[in-house]
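The values are calculated or read from the model by the stated rules, or taken from the named source; none is laboratory data. Computed from a prediction, not measured in an experiment: that's the story for all the values here. In this analysis, Cβ positions are derived from the backbone assuming ideal geometry, glycine residues included, and neighbour counts consider all displayed protein chains. Each accessible area value is taken on the protein alone, full model and side chains, heavy atoms only, with ligands, DNA and RNA left out. Shrake-Rupley method; radii C 1.70, N 1.55, O 1.52, S 1.80 Å.
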Amino acid sequence: LQHARELAQLPDAELVALCDRDPEALAQACAELPGVAAYTQANDLLDSGEIDAVVIATYDNEHADAILRSIENGLHVFAEKPLATNRQELATIREALDRQPAVRLSTNTLLRRSPRFAWLKLRISAGDLGELFHVEGDYLYGRLAKLTEGWRGNDPDYSVTLGGAIHVVDLLMWLAGERPVRVSAIGSSKGMRDSALSGNSHFLGDDFRMALLEFDSGLTAKVSANFACVLPHFHRIDVFGSDATFLHVPGPGGTGSDGSSGLLFTSRDSAQAPTVVDLPYPAVPKGALLPEINRVFFGAGVPDIPEQEVLDVMAVCLAIDESRSTGCAVEVTYEQVTPRQARLDEAGEGR
């Protein structure tokens with residue numbers, strides 16, 4: 001519904017239809033956003049021929065089927081993460097993109113748009129931190145009830161990597177400008193087992209998962225998803241360069257509206273105070289990417305998160321889950337999509 005509200009306000013978009021399997025929720029949405037078609041079955045909407053693009057926000061394990069059907073029908077897709085829950089689904093989506101060169105695909109990993117992290121990206125690109133040698137990202141969710149109640153708790157295969165850590169994987173890969181080649185992961189459900197919130201959840205997976213990432217350049221990374229932590233929701237980011245270090249730490253005491261701090265250290269001398277980065281965080285509403293991606297869908301510019309980067313982040317997250325499952329380090333297998341212009345040229349569609 002949040003995405004539908006945003007789309008309804010865009011001057012260059014027309015909200016045509018809504019879909020929800022829950023008739024009551026659908027009726028409420030249509031009452032708020034009148035004049036649109038209503039569907040209870042996603043495939044009926046995707047096959048209707050009445051739409052040009054779709055926003056997919058179903059349960060995680062249903063994303064891949066809806067994305068694939070949309071691409072095959074020539075629909076542009078903006079999807080909530082994750083695109084897929086296994087390698088085969090991801091490969092099938094990549095193959096569909098190659099067959100439909102005009103289709104654009106992007107996803108709603110928003111942290112790149114946070115002013116504080118956008119500033120950090122500019123500083124890294126300008127060389128202010130020197131050569132990066134290690135980056136860390138912790139998805140401190142602090143919402144254990146999400147695993148013990150609702151649809152996540154009813155999905156025994158729900159992945160905290162795909163449902164949480166994917167945000168920091170995307171952010172760290174974007175900041176570093178590199179793709180990891182190998183991952184190793186561990187995890188635990190101890191936080192949930194020991195919590196009074198555990199209830200009668202059917203969830204069988206990890207509430208905490210951590211991965212180490214290796215890059216060809218020698219860069220290393222650590223990523224975690226922590227749903228059981230007793231903390232407000234926060235994205236902790238550490239970036240270590242040869243000339244400076246950036247730390248993003250939760251409050252209280254910081255300059256952010258949530259009390260968090262962005263700190264840039266340029267000296268090893270404890271007497272030299274770090275630079276305080278007081279730009280807003282996260283300051284990114286859920287539908288922030290929709291205005292731009294709507295323009296991209298219809299030929300203006302390129303998406304903030306283009307198809308190849310979307311697939312790359314998915315490949316890393318799936319490798320993390322595979323490593324946790326097997327107990328072994330996993331080489332990341334990337335799905336390489338043919339560059340869009342080459343696909344259009346081959347199809348004779350030009351620019």
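Projecting the Cα positions of Phe240, Ile166, Ala228 onto the charge dipole of the chain (unit charges on Cβ atoms of Lys, Arg, Asp and Glu, taken about the Cα centre) puts Phe240 furthest along the positive direction. Computed on the Cα trace of the chain, the radius of gyration divided by the Kirkwood hydrodynamic radius gives Rg/Rh = 0.97. Where both bridge residues fall in the chain, DSSP classifies roughly 70% of the beta bridges as antiparallel. Shape call for region 36-147 from the C-alpha gyration tensor, a ≥ b ≥ c root eigenvalues: rounded (a/c under 1.5), prolate (a/b greater than b/c) or oblate? Because a/c hits 1.5 or more and a/b exceeds b/c, region 36-147 counts as prolate.
Length gained on full extension, Arg87 to His233: 49.7 nm, using 0.36 nm per residue less the C-alpha separation. Magnitude of the charge dipole for the chain, about its Cα centre and with charges confined to Cβ atoms of Lys, Arg (+1) and Asp, Glu (-1), is about 820 debye. Where a ≥ b ≥ c are the square roots of the eigenvalues of the C-alpha gyration tensor, would you call region 258-351 rounded, which needs a/c under 1.5, or, failing that, prolate if a/b is larger than b/c, or oblate? Taking the square roots of the gyration eigenvalues as a ≥ b ≥ c, region 258-351 is oblate.
Rank these residues by their accessible area, most exposed first, probe 1.4 Å: Asp207, Asp22.
Asp22, Asp207
Expressed as a whole percentage, what fraction of the accessible surface of the chain belongs to carbon and sulfur atoms when a 1.4 Å probe is rolled over the protein heavy atoms? Looking at the chain in its full context, I get 49 percent from C and S.
Taking trypsin sites (Lys or Arg not before Pro) across region 248-296, the ones in a DSSP loop with at most 10 further Cβ atoms lying within 10 angstrom of their Cβ are Arg268. Between rounded, prolate and oblate, where does region 193-315 land on the alpha carbon gyration tensor, with a ≥ b ≥ c its root eigenvalues, rounded for a/c under 1.5, else prolate if a/b exceeds b/c? Taking the square roots of the gyration eigenvalues as a ≥ b ≥ c, region 193-315 is rounded. Extending 7 Å from Cα along the Cβ direction at Leu33 and again at Leu122 yields two label points whose distance is 3.3 nm. Protein heavy-atom accessible surface, 1.4 Å probe, per residue over the chain: 46 Å².
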